[in-house]
Amino acid sequence: MATRLNPVGDASLLDRLRATRQLTLDLAAPLSDADATVQPFPDASPAKWHLAHTTWFFETFVLRDHVPGHRPFDDRFAYLFNSYYEGEGDRHPRPKRGMISRPSLDEVRAWRAYVDEALDRAFRDLPADATALVELGINHEQQHQELFLTDLLATFAENPMEPAYADLPAVSCHAPESLAFLGGRQGIVEVGASEGEFAFDCERPRHQQLLHPHAIANRPVTNGEWRQFIADGGYSTPTLWLSEGWDWTKREGITAPLYWRGEDNSFTLAGRRPLDWAAPVSHISYYEADAFARWAGARLPTEAEWESFAAWSDPNLGNQLDEGGAVLPRPPGDIFGDVWEWTGSAFLPYPGFNPAPGTVGEYNGKFMCGQFVLKGASCATPRGHSRASYRNFFPPHARWQFTGVRLAKDS
Ligand SMILES: [Fe+2]
């Protein structure tokens, strides 16, 4: 597979656009049309759909709205590949994305090339508000690159042949880094994104929050610690669980993280592999993270505690996605990288929150109900995408993302 580092920092917008569009193609290179068409469950999307939807985003919000004379590649695609934008009208039902065997993967690639050439031609003459939408489109596509990988993992996990998407080096034997709790900042702190740099609307405005005395773990919880939780009856002790979480474990038959297989294996993008006991535990729900923390005599960090803790770490370092290939959390677990970390904070608007104008204002604000914030980045997050103020969010039962947990305590 081609190696293409994702330019970060000072690379020009056009360079980053081209590199982002290319990385998506690289990620899809090992897939057959059949691989790319399967939808493993309604919340996950086929790989081909991700390639198409990210293209629809650019063709709709940049080319259609800001480039006079642009002719859409195919008028039928807007219905198929709009995700959830009510302002863009009717769309194909999400649970049926796996039924879209046509257009073929090659036709979707041809559409991508058509849109990429149109963006290239128009780029120099784009007005400022369209340039801002190109930036949003890049960040949107990076989010879908991560979803591409996690949805593909869910797809291959359904196949009894346990296919491998790509190779990974053999698991090495690491001793886990010893667990320590570090004192967090206290008093009034500022959180959220400052003006000037790209951030999603939900990260603003930057504002004050009050932090009480607390401490945060130096690394995320490991697979080895999770094994102890299981051995200690963690999944069969109702007093450890939120009521809703306990009902969920019973209803869904949950007894281990999502992709654990047998006593000491897990299913990964490189197929079935031995679990690395020193690596961060991954593919756990908010309910599981919360129960584990209670078992450990700790709690989840709040979003503001986590953000203050990470404020001085470089968000471009750590185990994150640089190129196409299999990805896996590794020891000891980076603050930015490996696994997204559940917080105990609901995904709610910050004081003074203003959704982006227009239909793209549907991006974040309308999901501020029933979801929890995750911070950091994962091994599947394109490098350069995240930052301390970043607010990932999922409902409490979701666990097909690379989700883990870092403990916190009152002190
Ligand atoms: Fe999207």
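Just a few scattered comments:
- Long-range HN-HN contacts of Gly344 with modeled amide H, under 5 Å: Thr302, Glu303
- Exposure proxy for Lys375, Lys48: other Cβ atoms within 10 Å of each Cβ, ordered fewest to most, give Lys375, Lys48.
- Calculated on alpha-carbon atoms, Rg and Dmax of segment 159-303 in Å: 18.7, 54
- Taking Cys173, Cys379 and counting other C-beta atoms within 10 Å, the order from fewest to most: Cys173, Cys379
- Highest mean packing first, where packing is the average number of other Cβ atoms within 10 Å per residue, the peptides 349-357, 295-303 line up as 295-303, 349-357.
- Dipole axis of segment 181-410 (+1 Lys, Arg; -1 Asp, Glu on Cβ), positive-most option in Asn319, Gly192, His207: Asn319
- For q = 0.14 Å⁻¹, Debye-computed log10 I/I(0) when each Cα of the chain counts as one equal scatterer: -1.35
- For segment 91-178, the Cα-based Rg and Dmax, in that order, read 19.2, 55 Å.
- A cut-off under 12 angstrom between Cβ atoms defines the neighbours of Gly271, and their net charge, with Lys, Arg +1 and Asp, Glu -1, is +1.
- Over the chain, Cα pairs under 8 Å with separation of 6+ residues give a relative contact order of 20 percent.
- Ala128-Ala180 FRET efficiency (beta carbon distance; Förster radius 41 Å; 0.05 resolution): 0.30
- Pairs of C-alpha atoms in segment 11-157 farther apart than 20 Å represent 45 percent of all such pairs.
- Shape call, segment 198-270: gyration tensor on alpha carbons, a/c limit 1.5: prolate
- Expected 222 nm ellipticity per residue - DSSP helices of 4 or more, -39500 (n - 2.57), all of the chain, to 500: -9500 deg cm²/dmol
- Qualifying aspartates and glutamates (Cα of each under 13 Å from Cα of Lys366; at least 8 residues distant if same chain): Glu86, Asp201
- About the Cα centre, charge dipole magnitude for the chain (Lys/Arg +1, Asp/Glu -1 at Cβ), debye: 400 debye
- Hydrophobic long helices, here whole DSSP H runs in the chain with Kyte-Doolittle means of at least -0.5 and Cα atoms spread over 24 Å or more along the helix axis, are found at 128-157.
- Contact order relative to length of segment 181-410, as percent, for alpha carbon pairs under 8 angstrom and 6 or more apart: 28 percent
- Neighbourhood charge, 11 Å Cβ-Cβ cut-off, centred on Thr343 and excluding it, Lys, Arg +1 and Asp, Glu -1: -1
- Volume per residue of the convex hull around the Cα atoms, evaluated for segment 181-410, comes out as 131 Å³.
Each value in this text was obtained by applying a stated rule to the coordinates, not by laboratory testing. Keep in mind that what you see is a predicted model, and the values were worked out from it rather than measured. With ideal geometry, Cβ positions are generated from the backbone for all residues, glycine too; neighbour counts draw on all protein chains shown.
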